[in-house]
Amino acid sequence: MLTTPVRTFLLISLLTSTFFQSFSQTNKDKKYLLTEIVVKGNEKTKKQVILRELTFKAGDSLQASAVDSLKILNENNIFNLSLFLEVYVDFQIQDSQKCFCQIEVKERFFTIPGFYAELADRTFNEWWFLHHHQLNRVDVGFLLTQKNCRGRNETLSAYVQAGYSHRLTAAYSIPGLNQKRNSGFELQFQYLANREFAYSIDSLNRLVYFRGDDYQRKRMKTSLFYYYRVSIYSTHQAELSYQFNRVTDTILSLNPDYLGNNRLKNSFLSLNYTFDLDHTDIHFYPEKGYVFQLNAGFSGLGISKYINQFNLSGTYSAFYSPMPKVLMAHQLRGFYCSEKNLSFLFSPSFGYEDILVRTFEYYLIKGRSGFLLKNDIKYSLLNETLSIRFLRWHKFNTIPIRLYPKVFFDAGYVSDQAVFREFSLNNKLLTGGGIGFDLVSYYDIVVRMEVGTNNLGEKHIFVHFRKAI
């Protein structure tokens, strides 16, 4: 069943077709002058925020044969702002030489307050299977996120957490500070205090935890980000940050290299640079296109007595469809660290978020350098939109659902010839594969369930709440 915005959009298109000719009815080689761009449905969002994402502007000359591809490309560009649930772009001919563009959007719900449950463990699987889903390992906090502040795609967020850990975070981002909307800033503050955390790994690369009555670790970090958006698809980001870390005497006795060099505390400045080139169709769950990201960071800036460490990493991901409904995705990631005598906290790792060989979720592998290769073959089994008639709030009364059964295969290698040389999973090729499915819905929700085995002979079931590639 068509949703209200879709019916409205189709009705407008039908009515305007009485007065304006469609591009499907004209010579494909003919060019038309784009006289106007009309935006509707942006109750809060400034028109300029939407226009910034377009690959065309009023006054351009458009060839009739390119209109269909322009519609799809620019609908995706606007949708990737993460401000809208639905986006429609349409072109209509006014006369033999002129045309206009109409854009209709359905805005998301921008104010998101509520209680938030966060696991004390790295992943849901670790909490459920290794720690037997103990409720005392769940931290409860209050999250307030105000997106699209002032209608300019600015975001204000604050989070207060109590429980196993205490956490306080606050951030404000302004992505379009200047008139061209290609420069922006973000300010972040984070404070974390833990009674229990992983202070080391054993020889089998499994995390080792310690729990005390008092806070065993305290961390604070303040960051200032600067963004320069070269084009719709490429962004430079610079981050200047200051952080402070402190552990107790107990943690120091258990792992003298947790902060490095037998220290109870450290503090230092860091400078990080990231280049992001994203040519995918839908950023939060791509089906076509490619992404390249390069990151370089210098902790200590050569002036710290605690740490002076250079890190370099790069990631390339490709997405394509070799045949109808069949989707393929590949990702290659590599990293390098300049420091030989790595501290536990600041050493690069396989095992957090999506940086891991799938089926090795229960391990943490640290080292100076390494690579990771991921591969997915998926089938688009379901692509539907559910309409909830009894719910009158239009921001929530339609639920898009996409379901992708898949097979996957990953491989990775972490090298270290000093601190982590003797650990069982270092300096060894790791492989894992299996089957599963991805469930994708609105507000960027992704749920993954995977069943797989690895070259250690282990078989596991995993549930994740983020995309794999």
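FYI, it's all coordinate maths here, none of it is from the lab. Fair warning: this is a prediction, and the values are worked out from it, not measured in the lab. Every residue, glycine as well, gets a Cβ built from its backbone with ideal geometry; the counts of neighbours run over all protein chains shown.
Some notes on this structure:
- Cα-based shape type of segment 346-469, given that a ≥ b ≥ c are square roots of the gyration tensor eigenvalues and the cut on a/c is 1.5: prolate
- Local electrostatic count, Glu239, Cβ distance below 14 Å [Lys/Arg +1, Asp/Glu -1]: -1
- Helix 4-16 and the longest principal axis of the C-alpha atoms of the chain enclose an angle of approximately 30°.
- In the chain, the longest principal axis of the Cα atoms and the axis of helix 67-79 are about 40 degrees apart.
- Working ranking of peptides 347-356, 123-132 by packing, defined as the average number of other Cβ atoms within 10 Å per residue, highest first, is 347-356, 123-132.
- Rounded Å value of the spacing that divides the Cα centres of segment 336-365 and segment 69-146: 29
- Global geometry of segment 111-464, whether rounded, prolate or oblate, following the gyration tensor of its Cα atoms and the 1.5 cut on a/c: rounded
- Environment charge at Val357 (Cβ cut-off 10 Å; Lys +1, Arg +1, Asp -1, Glu -1): 0
- Prolate is the label for segment 259-334, because a/c, from the alpha-carbon gyration tensor with a ≥ b ≥ c as root eigenvalues, is 1.5 or above and a/b exceeds b/c.
- Thr385, Thr111 arranged by Cβ crowding within 10 Å, fewest neighbours leading: Thr111, Thr385
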